[in-house]
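Written below as structure tokens is the structure these notes are about.
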Amino acid sequence: MAVFAGRCSLPVAFPDGTPARNISITVCIAGTSQPAVLYAGRTRTTPSENPLTTTGSAVAAFWADPGVYDLVGPGFVIASVPTCPDPGEYAGLDITGRLAVGIMPVGSAAGTVAAGDDSRIVHAAGFTITGGIAADRIETMHRLWAGSAVAIPPGSALMALVTVEATLTVDTLTTWRSGVGAVGVFTARMGLYQLDASGSTLVCIARTDSDATLWTADAGQENSRPVADNGGSAPVAIGQVTLARGARYAIAAFVDAATVRGPQLAGAWLGVPGMAARPPALAYAGPAGEGDLRPTYPLSLLTPTASVLYGEAA
């Protein structure tokens, strides 16, 4: 039952159009002859008479539980008249129609949420319209789109960007072989970069150890490696990193410039670099001739590429 009564105020007329002034009208539950319970106000504390009497202006006004009613007068029936719910029923919603955190049931029992950033809410991104992005990981694209073999050019980082939809902590970076393997590798690793607040520089926040065998096995191999350090100028060992909801990140794959042949990894080929370069940019490559991933990459040093790497952080 509603906490508050709903209001109805309706001009009433006889079938010939004459205003029905100062007449008796019974408010019935819609479709029945059962008189409804009426109230003197929204708080439902004081009952009101039913039948009611229309005003001198031929208005039938009453308070009743939100619902649909028939107004039965002398020689006519006005069917299916609604009384709308009182705004007080939804006091917990703000002006945008969202639930204010202050009224959520905080606790540890069923039907409550934990204080702070409850993981059941923070990680409730689910599957989005961009496709296949689970709440416990990030993927640079829907895996169904990763049907191309994207070549990693020796000495040039290939980066695919993604916006994180839920705050989460990751400790593993993954790519997939989708073609030929690497040959003659000295340095091979994956990195995770965050676009800085100015939107002009990608800053390394995590990377894997270098492993010359990373992409040398047969095609179709999953290549997962744990996070080893923060990729800074003086690398600090870390085992995990927290990603912020709404921030933009890049997963990078790299083999050194001395590599004889770079690997082909799963990803997508967009046809022309201009498609990937449109804001927000999807993929970058470069600069060339490098021996390892850099701690930072100003976007001015990178080139938009039509090759978009499929990468995962979990």
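Of the residues 3, 308, 272, 164, the one with the fewest other Cβ atoms within 10 Å heads the list, and the complete ranking is 272, 3, 164, 308. Segment 251-314 and segment 21-52 have Cα centres separated by 72 Å. Per-residue packing, averaged as other Cβ atoms within 10 Å, sorts the ranges 288-296, 179-187 into the order 179-187, 288-296, beginning with the highest. Seen from a random direction on average, the alpha-carbon convex hull of the chain projects onto 25.4 square nanometres. Relative contact order for segment 6-88: 38 percent, from Cα pairs under 8 Å spaced at least 6 residues apart, divided by residue count. What shape does segment 138-313 take by its C-alpha gyration tensor, where a ≥ b ≥ c are the square roots of the eigenvalues and a/c under 1.5 counts as rounded, a/b above b/c as prolate, and the rest as oblate? Rounded, since a/c falls under 1.5. Take every Cα pair under 8 Å whose residues are at least 6 apart in sequence, average their separation, divide by the length of segment 138-313, and the relative contact order is 39 percent.
FYI, it's all coordinate maths here, none of it is from the lab. Just so you know, these numbers come straight off a predicted model, no measurement behind them. Glycine also receives a Cβ, built like all others from the backbone with ideal geometry; neighbour counts cover every protein chain displayed.
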